[in-house]
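Here, each number is a calculation from the coordinates, and none is a lab measurement. Since the model is a prediction, treat every value here as computed from it, not as a measurement. Here the Cβ positions follow ideal geometry from the backbone for every residue, glycine too, while neighbour counts run over all protein chains shown.
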Amino acid sequence: MLISLFAMGASWASETVKLIMTTSAGEVMLELYPEAAPTTVSNFLKYVDGGHYEGGEFYRVVRDDNQAQNNIKIGVIQGGMGMDVTDAPFPAIAHETTQDSGLLHKDGVISMARNQPGTATSEFFICVKDQPSLDFGGMRNPDGQGFAAFGKVTGGMDIVRKIQKMNTIQPKSAELEYTSGQILIAPVVIQTIKRVE
């Protein structure tokens, strides 16, 4: 239910943008909330409308069995233009926290990947189960600013869960990088993301 995405006391968004994402693993329906997260939604739609995600990938999956280097566990799939994007076509955007938007990282919520606050560009992730440690004040990222949630999967969570269970490249014993063991052996191709009229 949509209202469950919002923090207590936050207003219910009356305007939504509906999208269909076609991947090599199946179709996923998305709903974005521009009233709650205007900067983040506007940024994502620039990539969608410009066709920048076509040929992109879901390349990283995080689940209980592949995040030994972090004591705060999460469950997500991450994708976008590509794992090694260094020259995004649009500048990084201001960070809209969950405290600002009222959107929480519930099961199926879509949110922006980032390094420092204000560095998000093209890459995004989808939550598998509720992930409160990704909200403002959560400590998955030590800065406590959380991540910028901006929409939700409304159909095709079975596809999201299937992607999260796919085989990953097993780390070498000496590898300590936080993404070690989380990279898909066979990334899932994002064929198109389009608006639904």
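Give segment 136-150 a look and list any residue that's surrounded by fewer than 24 Cβ atoms within 10 Å (Cβ to Cβ) and either touching a strand residue (DSSP E or B) at 6+ places or on another chain (Cβ under 8 Å) or not basic (Lys, Arg) (or both), or say none.
Going residue by residue through segment 136-150, those that are surrounded by fewer than 24 Cβ atoms within 10 Å (Cβ to Cβ) are 136-145.
PHE136, GLY137, GLY138, MET139, ASN141, PRO142, ASP143, GLY144, GLN145, listed by residue number.
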Tell me which of these GLY80 doesn't satisfy, since it passes every other one: (1) over 12 Å from the mean Cα position of the chain (by Cα); (2) at positive phi; (3) of a type outside the set (Ser, Thr, Tyr). (1)
